[in-house]
Amino acid sequence: MNKGDICIVNLVIGVGYEQYGQRPAILISNTKTNIAVVIPLTTNLEALRFPYALTIFPDKQNNLN
């Protein structure tokens, strides 16, 4: 895996409104350290109300649907 790749992660149940379960995420760390930092993705369009939220459209390159 490389920084910027979209991968499937299994997030354990958190507290409050945290995302959990199996979902796509963007890898944002260098995997040479054996520690992965990811940004989970959502299909919830209400999340766009938050600052710094981005829209990622599905395409053949990212394999999202």
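The values are calculated or read from the model by the stated rules, or taken from the named source; none is laboratory data. All of these numbers come straight from a predicted model, not from anything done at the bench. Counting neighbours? That spans all protein chains shown, and the Cβs are built from the backbone with ideal geometry, glycine included.
Worth pointing out:
- Tally of residues being of a type in the set (Gly, Ala, Ser) and more than 16 Å from Gly4 (Cβ to Cβ) across segment 15-46: 2
- Qualifying residue in segment 18-32 (condition: at pLDDT 90 or above and loosely packed, with under 11 Cβ neighbours inside 10 Å): yes
- Residue under evaluation Ile35, criteria (1) out of contact with any strand residue (DSSP E or B) (no Cβ under 8 Å at 6 or more places or on another chain); (2) surrounded by 12 or more Cβ atoms within 10 Å (Cβ to Cβ), criterion not met: (2)
- Close pairs from segment 34-63: first more than 15 Å from Gln22 (Cβ to Cβ), partner at pLDDT below 85 and not in a loop (DSSP other than H, G, I, E, B), Cβ under 6 Å, at least 6 apart: Ala53/Ala47
- Contacts under 9 angstrom Cβ, first residue in segment 5-27 being free of Cβ contacts under 8 Å to residues at least 12 places away in the same chain and on the phi < 0 side of the Ramachandran plot, partner outside any strand (DSSP E or B) and aromatic (Phe, Trp, Tyr), 6 or more apart: Val12/Tyr20; Ile13/Tyr20; Gly14/Tyr20
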